[in-house]
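Let me begin by presenting the structure, written as structure tokens, before commenting on it.
Laboratory data are not the source of any read-out in this text; all were calculated from the coordinates shown. None of the values given here were measured: they were computed from a predicted structure. Heads up, the Cβs are rebuilt from the backbone with ideal geometry, glycines too, and the neighbour counts pull from every protein chain shown.
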Amino acid sequence: MSEITADTPHILVVDDDARLRALIQRYLGEQGFRVSVAADAAAARKALSSMAFDMLVLDVMMPGESGLDFTESLRRDGKEVPILMLTARGAPDDRIAGFESGADDYLPKPFDPRELALRIRTILKRAAPPAPPTTPVAHAVQIGPQWFDLERAELRGPDGPVRLTGGESALLLALARKAGEVLSREEIADALGTPEAGERAIDVQVTRLRRKIEPDPREPRFLQTIRHRGYILRPGA
């Protein structure tokens, strides 16, 4: 077991299944994480009011406020803590609902604890604040007042880094690598490593990304839809 320090990532696990909570808490603790648990959204809110967490592992189906509703309320309140959803329903519509609510990733039940730990580490790595560049960024695409660094897959604005979810970052990277070219939804899905994703799943990610890069997401200037063909990123000031 790794030594627990002040820099050790602190995970909040929210699940109404006491046995599963205990199993996740023990396993992630063995993997070097600090882990707190909550049985429902109300308990999670109380924990969030008194402690800062690096990430939430959140069950979708809970009594009272569901994981989807809880995630939506956190995002409305401006809380950008990364969220990994656990769901017993792995159908595409259920996964899309998770992304629409603002989740960073999802993991269907039952799952291998090793995959859970791997996904947590991946999400935390993406969410880590980037170090300020010491030299001018050579491989970057301008999107209004923001710049997207293709080598680091990071979006920066006048006030510093802009946090993207893993899906948003991968989508912007795929589009930025072929800026000025139309990418079909199938090409985007392949670039994201999710060839099974349907058109609606891609559209959801595009909608969420537009909220981060467009002055008016309803009238996109940079990430535009090309009817019957797909999407195109048009860089510019």
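Brief remarks on what is shown
- Counting only alpha carbon atoms, the long axis of helix 113-127 and the longest principal axis of the chain meet at about 50°.
- Charged side chains reduced to their Cβ positions (Lys and Arg at +1, Asp and Glu at -1) give the chain a dipole of some 380 debye around its Cα centre.
- Dipole magnitude (debye, nearest 20) for the range 140-233, charges at Cβ of Lys, Arg, Asp, Glu: 240 debye
- Taken over the Cα atoms of the chain, the convex hull encloses 138 Å³ per residue.
- Proximity of backbone amide H atoms, modeled 1.01 Å from N, is registered between K109 and T87, A88, R89 at under 5 Å, excluding neighbours fewer than 5 places apart on the same chain.
- With Cα atoms, 0 to 90° folded angle of helix 41-50 axis to the chain main axis: 80 degrees
- Expected 222 nm ellipticity per residue - DSSP helices of 4 or more, -39500 (n - 2.57), all of the chain, to 500: -12000 deg cm²/dmol
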